[in-house]
Each structure stands twice: as C-alpha cells, then as structure tokens.
Amino acid sequence: MTNVEEVTSEYKSQFNLLATHPLQSWEWGEFRQKTGIKVVRLGIFQNKKLTEALQFTVHPIPFTKFNIGYLPKSGNVSPTMLKALLEFGKKLDCIFIKLEPNISRDDFKTWQYDESIKLVFSPHPLFTKYTFQLNLTKSEEDLLKAMHPKTRYNIKIAQKNGVVVMEDNCEEAFNNYLKLMTETTIRQKFFAHNARYHTLMWETLRGTKIAHLFTAVYPHENKRHVLAAWILFLFNGCLYYPYGASSVLFKNVMASNLMMWEAIKFGKNNKAEIFDMWGSLGPDAGPKDAWYGFHKFKQGYGPALVELAGSFDLVINKNVYLLYNIMYFIRQLILKLKSHLR
C-alpha cells in the first residue's frame, strides 16, 4: 500500500538518506523551525517504508491570510508527491509553492504531472540557475593541474606567507566568522542573513557532522590575524560552500585561495565525490556583473559549470498568484527608483 503522510522523527535517518541536499536534511528543517518558520516534511510510504521524502517551508505574507511555500534543492519529485504538495498547499492557504530542484536542466525534462498541476517558470527565483561543481575523485595532482595558473600561484603565495587553514569549531572562531561576515556584506553591498540566523544555524548544525567552520590565520608581528572564515557543509557524499567571509587586511597573502584548496582536500579526505560551490553566474558572465569577481575566483579551481533546472512555481490560487506578481513587480520598481534617487 502506497500513501503520502507527514514524516515523524522516528524516520529521521531514512529521511536523511533520501535527502539530496543539506537544505533538505532533517537538521536544516530543525534550524528553520527555530527561526519561527513552519516546516512540513512529506514522505511516500510503501508498506511503512519511506521511499520518497521532501521538506518545504511556509512563509506568511504580512497583513493577509495567505502564505508562500518554498521547496529548495529537492531531487526529482514524483507525480504522486506533486499532487500531495498541491493538497497540503491548499490546506495551508499557500498562493504557490516555489520549487528549486537540485537537478540538472536535462533531468527536469523527465518530470511528469497531469493537468491538475499548474507548474510555471518563476518570475523571481531565489537560487542561481548555475553552479560550479568540482570532481573530487581526481587526485590532488590532477586537481592542481586543472586549475588556472594564477590560482595555483596564489595558493603558493599563501603557503609561503605562512597562512594556516584549519577546522576550528570553537566559540571564538564562530565569533570571528560573524565579525568577518558583517564586514564582507557591508563591503560587497549584498544581502545576507543577520547574526541571529547564522547563530541559530550554527548551533543546530555544528554537532551533526554537516557543518564545519574553517579559518585562515596569518601570523604577522606576533599577532594572529583571521583573514577568512568559511562554513562548509558535508552531506551524503557531497561538499558544499554556502557561507564565506574575508577581511580587507593583508589581501596580498591570498588567504582565501589557500582556504579553497584546503576545503577541496577536506572534501577528499571525507570521501566526498563532488564539491558544489553553491552557485555561480552563467556561461556569459561579464566583468560588469557585481558577482563576477566571486565567479572568477571559483572558476579558477577548474570546476564544471552546471546548469540546473531553475525556479518554478506550483500555482495553487491562480487569481491571487497573478495579483501577488503584480504587487511584487511594483515593489521592486519602487525600490529601484529609490536607489537611483539617493
């Protein structure tokens, strides 16, 4: 007998074995609950065995009774599960559920669903459509050979300057991470989650073997300067680089270049086969893009550019969905005009 039910904690281990990404892990769901967000875990059971699982979050729209569902980084979702998502979305007054599957564009073409499912391209995606992925099954020698010569050179500069990269999950290291994250977001002028978000995430994931904090320290004039701090995720045979921050000090010692190389070696030592660098620009990336420097930094390590399926909305309330998109467009236009008037 096959049925779809909400998954309880007794199936946590099975749930994680089926999860395709850290954002689909049971522990990530626990973290999101701590931030005040409702988390729904659904599973398909066959004779009491969990055979398909996913989790999505529910986000209220202020001053209305409506919500938006968000399903990030799932695997292939079966027609049975899509129908269950639709029904749960209706019960939760969701206008739509945003799906951003962690699968390639070609694999998404195999998705099947009937006419009762209204799945459309999302006009406002959250994750990038592209990511860099590095094959960690290669030898260290082959990985170094595949890098851009400038990247290899920068790694050697950091090593010659005595930069030390290590995993350090202590409280002081995390405080340094928060400090550098604040500096980096102000300097780069990009959106980032606040300190409470990072703290709850770290407190929840630190003891689960998923999250690992690395620091790059430069000894100079009898002082230890923390020049970079990254949080890496290790999950189901894949390494991820979701969060990184750096200092403006001593940029000439190339601490971040050595950090990336040590992250690669950490992944290999822990039997990860893929290093997903958590997003990139597309194949036509240009220097004028605000993220180009970060894109080029990752590209220097010789990863493959992977095109993902993209962002889709599972429409539940068609009329309100149209109104929501109109209001969203107007809001973005006002914000853009304000930025030009400053």
**Message:** Can you give me the solvent accessible area of S116 with a 1.4 Å probe, rounded to the nearest 10 Å²?
**Reply:** 70 Å²
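Beyond 21 Å between alpha-carbons counts as too far, so tell me which of K129/K268; K268/K298; K91/K318; K209/K298 fall in that bin. Working shown, then result.
On the way: K129/K268 26 Å; K268/K298 17 Å; K91/K318 15 Å; K209/K298 24 Å.
Violating the 21 Å Cα-Cα cut-off are K129/K268; K209/K298.
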**Message:** Given a 1.4 Å probe and heavy atoms of the protein chains only, how would you sort L136, L18, largest accessible area at the top?
**Reply:** L18, L136
**Prompt:** Once you put a point 7 Å from the Cα of E10 and another 7 Å from the Cα of K251, both along the Cβ direction, what distance in nm separates them?
**Reply:** 5.7 nm
**Item:** Cleavage-rule hits (chymotrypsin sites (Phe, Trp or Tyr not before Pro)) in region 192-297: DSSP loop, at most 15 neighbouring Cβ within 10 angstrom
**Value:** F250, W291
**Item:** the chain - Rg (one decimal) and Dmax (whole number), Cα, Å
**Value:** 21.4, 69
**Prompt:** Using heavy-atom solvent-accessible surface (probe 1.4 Å) with all chains present, what is the largest-first order of D289, D168, D106, D313?
**Reply:** D106, D289, D168, D313
**Request:** Could you point to the residue in G29, L82, L213 farthest towards the positive end of the chain's charge dipole, with +1 and -1 charges on the Cβ of Lys/Arg and Asp/Glu respectively?
**Result:** L213
**Item:** Surface per residue (accessible, 1.4 Å probe) for the chain, Å²
**Value:** 54 Å²
**Request:** Pick out, in residue order, every one of the trypsin sites (Lys or Arg not before Pro) in region 1-73 that is DSSP loop and has at most 10 other C-beta atoms within 10 Å; say none if there are none.
**Result:** K48, K65
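Over region 67-128, what relative contact order in percent results from Cα pairs under 8 Å that are six or more residues apart? Mind showing how you got there, number by number?
Numbers: 62 pairs, mean separation 27.5, N = 62.
Relative contact order, region 67-128: 44 percent.
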**Item:** Mean separation of Cα contacts under 8 Å (6+ apart) over length of region 179-282, as relative contact order %
**Value:** 24 percent
**Message:** Output wanted: per-residue J couplings in Hz (rounded whole) for region 56-65, from phi through Karplus 6.51 cos²θ - 1.76 cosθ + 1.60, θ = phi - 60°, x for Gly and Pro.
**Reply:** 9, 9, 10, 10, x, 8, x, 6, 9, 8
**Prompt:** Under a point-charge model restricted to the Cβ atoms of Lys and Arg (+1) and Asp and Glu (-1), what is the dipole moment magnitude of the chain relative to its Cα centre, in debye to the nearest 20?
**Reply:** 920 debye
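With a cut-off of at most 10 other beta carbons within 10 Å, and DSSP calling the residue loop, which GluC sites (Glu not before Pro) in region 104-152 qualify? Please list them. Please report the intermediate quantities before stating the final value.
Values: sites: E115, E140, E141; in loops: E115.
The qualifying sites are E115.
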**16 Å Cα-Cα reach of K90 towards aspartates and glutamates, excluding residues that sit fewer than 8 places from it in its own chain** = E5, E6, D313
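In terms of the ratio Rg/(2.2 N^0.38 Å) built on C-alpha atoms, what value belongs to region 43-139? Before the final figure, lay out each step's value.
Working: Rg = 15.6 Å, N = 97, 2.2 N^0.38 = 12.5 Å.
Its radius of gyration relative to the 2.2 N^0.38 Å reference: 1.25.
The values are calculated or read from the model by the stated rules, or taken from the named source; none is laboratory data. Treat the numbers as computed from the prediction; the structure is a model and nothing was measured. Glycine gets a Cβ as well: all are built from the backbone with ideal geometry, and neighbour counts include every protein chain shown. Each accessible area value is taken on the protein alone, full model and side chains, heavy atoms only, with ligands, DNA and RNA left out. Shrake-Rupley method; radii C 1.70, N 1.55, O 1.52, S 1.80 Å.
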